[in-house]
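Just so you know, all these numbers are worked out from the coordinates, no wet-lab data involved. Everything quoted here is computed from the prediction, not taken from an experiment.
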Amino acid sequence: MNMDINTSAPPALLRLADPDRARLGEALRSLLAHGSILGLESGDGDLYAWCRQNFDWVRETAALAGLTVRMEHESRLIQAIPEHPSLTINLRQDATIVLLALWYEFDTQIRDQGAAQVTLSVEQLNQLLKEKLLPDLKSQPSVGRMREILRQAERFNLIRFELAQPFETSQIEVLKTLPRVIQFNEIAEWTRTADLHRDPQGVPPETGTIEDEAEGVES
């Protein structure tokens with residue numbers, strides 16, 4: 001008995017020229033690895049321009065990976081928002097606390113002082129931690145741990161970090177991506193979350209999650 005088997009190849013998922021296909025792959029890898037594409041960074045300017053011109057392709061391809069993609073041209077920013085828990089990573093408690101402190105500084109400088117750019121030194125961050133989150137100095141991250149936390153935040157495009165000596169003079173710029181990762185509608189919500197972390201008995205060592213491509217530290 002003869003049977004006809006359809007062996008024709010399926011249609012191509014994306015009928016793109018090779019240069020466009022390469023750019024689209026680069027954009028998706030960047031969103032998965034860093035959570036965003038910062039067009040104001042020298043290394044991402046060309047990629048941002050391509051993504052803006054072909055944003056529908058970026059959006060539809062990212063959706064296949066479980067990401068919602070937003071673009072803010074004024075800031076030259078493309079940010080990915082995960083739609084699945086598998087796209088999140090666990091944060092240790094101290095890293096969550098540092099990000100909460102940076103959110104507070106960003107909100108204060110933008111809302112209360114009308115700042116266009118939010119910067120602070122590691123020394124100022126340590127003081128903020130002491131005043132707002134960790135009154136017990138013994139519970140503050142060590143120099144090595146703080147450097148690790150800030151490098152991780154930089155890798156996820158939440159801050160820019162310029163290392164200096166002594167370490168306390170190192171500079172941090174808090175980027176607009178961070179308040180999209182840690183979302184509070186009002187300072188009272190931040191206060192309730194911060195209260196959970198002021199008591200070392202209140203939460204386990206690994207308590208927060210940060211969505212690998214953004215939106216939300218959960219406690």
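See the values below:
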{"quantity": "Over region 69-132, volume per residue of the alpha carbon convex hull, in Å³", "calculated": "123 Å³"}
{"quantity": "Scaled radius of gyration (Cα, divided by 2.2 N^0.38 Å) that region 18-83 gives", "calculated": "0.97"}
{"quantity": "Potential lengthening between A22 and I110 on full extension [0.36 nm per residue; Cα-Cα distance subtracted]", "calculated": "27.9 nm"}
